[in-house]
1. So D122 passes all but one of these: (1) of a type outside the set (K, R); (2) assigned to a helix (DSSP H, G or I); (3) within 10 Å of the ligand (Cβ to nearest atom). Which condition number does it fail?
2. Could you give me the residue pairs with C-beta distances under 8 Å whose first residue belongs to segment 360-375 and is assigned by TED's automatic domain parsing to the domain that holds L17, whose second residue is in a helix (DSSP H, G or I) and surrounded by fewer than 16 Cβ atoms within 10 Å (Cβ to Cβ) wherever it lies, and which are 6+ apart or on separate chains?
3. For the list (1) in contact (Cβ under 8 Å) with a residue 40 or more places away in the chain; (2) more than 12 Å from the ligand (Cβ to nearest atom); (3) more than 24 Å from E168 (Cβ to Cβ); (4) not aromatic (F, W, Y), I need the number of the one condition that M103 fails.
4. Does V278 satisfy being outside the structural domain of S136 (by TED's automatic domain parsing) and under 24 Å from the mean Cα position of the chain (by Cα)?
5. Would you say V36 is near the ligand (Cβ under 9 Å from one of its atoms) and surrounded by fewer than 23 Cβ atoms within 10 Å (Cβ to Cβ)?
6. Can you name the number of the only condition in (1) under 27 Å from A139 (Cβ atoms); (2) out of contact with any helix residue (DSSP H, G or I) (no Cβ under 8 Å at 6 or more places or on another chain); (3) surrounded by fewer than 20 Cβ atoms within 10 Å (Cβ to Cβ) that H52 fails?
7. I'd like to check something: does segment 286-305 contain any residue that is on the phi > 0 side of the Ramachandran plot and either within 10 Å of the ligand (Cβ to nearest atom) or assigned by TED's automatic domain parsing to the domain that holds T85 (or both)?
8. For the subset of segment 306-323 comprising residues that are out of contact with any strand residue (DSSP E or B) (no Cβ under 6 Å at 6 or more places or on another chain) and under 17 Å from L381 (Cα atoms), which member is farthest from the ligand (Cβ to nearest atom)?
Amino acid sequence: MGERVVIVGGGAGGTILANSLDPKRFDVTVLASSPVHLFQPALLYVAFTGAHPRATRDEHRLLRRHVRFVQDAATKVDLTDKVVTTSSGARFGYDAIVVATGMAPDPSQIPGLAEVDARFGDYHTDLAQAEKLWSSLQAFNGGTIAVGQASPIVKCPPSPLEGAFLAEELVTRRGLREKTRMVFFTPYPRAYPSAPMNEVVEPIMRARGIEIMEFFDVDRIEPETRTIRSIEGDEIVYDLPIVIPPFVGADITYEPCDVVNEDRFLITDKETLQIKGVDRAFAIGDGSNLPTSKAGVGAHLEAKAVATALAGRPVRFTGRTHCPFDVGYGRGTFVIGSYDAPVVKARPSRVKRLMKMAFEWIYWISLSGVIEPVFTVYFKLTAPKPAPASGSVPDSSSSLT
Ligand SMILES: Cc1cc2nc3c(=O)[nH]c(=O)nc-3n(C[C@H](O)[C@H](O)[C@H](O)COP(=O)(O)OP(=O)(O)OC[C@H]3O[C@@H](n4cnc5c(N)ncnc54)[C@H](O)[C@@H]3O)c2cc1C
């Protein structure tokens, strides 16, 4: 029997990793709380264009035949005794473990947010919420649309701004632009966290009349007065609030307990992807605390790095990110950076938007690992240049993607 590898989580990262491991060397089990795999970027288009993409597939069909799939939620991961316990009471012993449990929305952190979410929907939770937001946008007839993130941690850093751009495009197409105030709020000091990308998007926002409220840390929402209040003392009175909830790591107890931070993200070595001080234990994707984008592309590259590490070869994850960014009206760009390279200032174009749209189709194939050589070449060709070694001040925000 090969080395027993348990992968907890069957999303973007867990699926690619499972399919990348050599069946001759590894006995692989994927344990996932959901039998369904959701292509999360589709939520954007469900919510803002009313699209009906085929956004979900059965997880077990995405896994290669040698991979054992178990639908069950992990409740405890004992990294000392090397046992995972699930909600059904099953126990899975392992030789190596990879945690790829993503992150979950937690509207309860902001008073009033759960009520607003339940009424208007959002585009980061699930398909039902995205469909609800589309209905809310359809019912909108003018007033103030407030779009933004309730905490600094978000899936796919361009996604808050994508929501603002697509909402603005939608109200324009519906002939409501004159009657609509568009406000984008963010806890960051600028519309996009990294300065080079901000230089690209902020002029577009100004040209489209989207107001920017920086340093806006959401404190609470008061549905009765339709007001979002910030810790800094600012407020937005809305007619349609589109609020991305805060996120936390999966609800799993760890032994030892100090491998997760206060928001339950796994404390992960940024280069080896090893869980803090634990041998043959790794974290990938949104559930880690890696200082890079929480994105499917990152989860993909981290999965490949862990596959290399498990195979016994040296690995150094570079923090590479490559997030597609829809700026509306058929144009898009990419946010490209790494730990060592500042974010590239990439201008939007129609071709880049088409590449983003093609990714939905490519995604399902990429999970199998068969087109990995194409990805390897693509990522090599588009690799960002490392920052100059000396004589210039590094842009600290670039690691924020
Ligand atoms: C609106 C939106 C737009 C986006 N756009 C892009 C984009 O353009 N490009 C991009 O790269 N990324 C994008 N993303 C982000 C991307 O979808 C996520 O970053 C990616 O899916 C993270 O992969 P993951 O494997 O870490 O987690 P997920 O894909 O979220 O998978 C988590 C898995 O863990 C399982 N799980 C959770 N808890 C447990 C438990 N206790 N026990 C067992 N299993 C558990 C879940 O069932 C699931 O199978 C977008 C996201 C959103 C919401």
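The values are calculated or read from the model by the stated rules, or taken from the named source; none is laboratory data. The structure displayed is predicted, hence computed values, not measured ones. Don't worry about glycine lacking a Cβ; one is built from the backbone with ideal geometry, like all the others, and counts go over all protein chains shown.
1. (2)
2. none
3. The single condition M103 does not satisfy is (2).
4. Values: outside the structural domain of S136 (by TED's automatic domain parsing): yes; under 24 Å from the mean Cα position of the chain (by Cα): no.
Spelling it out, it is not the case that V278 is outside the structural domain of S136 (by TED's automatic domain parsing) and under 24 Å from the mean Cα position of the chain (by Cα).
5. Working: near the ligand (Cβ under 9 Å from one of its atoms): yes; surrounded by fewer than 23 Cβ atoms within 10 Å (Cβ to Cβ): yes.
The answer is yes for V36.
6. The failed condition is (2).
7. Within segment 286-305, the first condition is being on the phi > 0 side of the Ramachandran plot, and the residues that meet it are none.
The answer is no; no qualifying residue exists.
8. Only one residue fits best here, namely T318.
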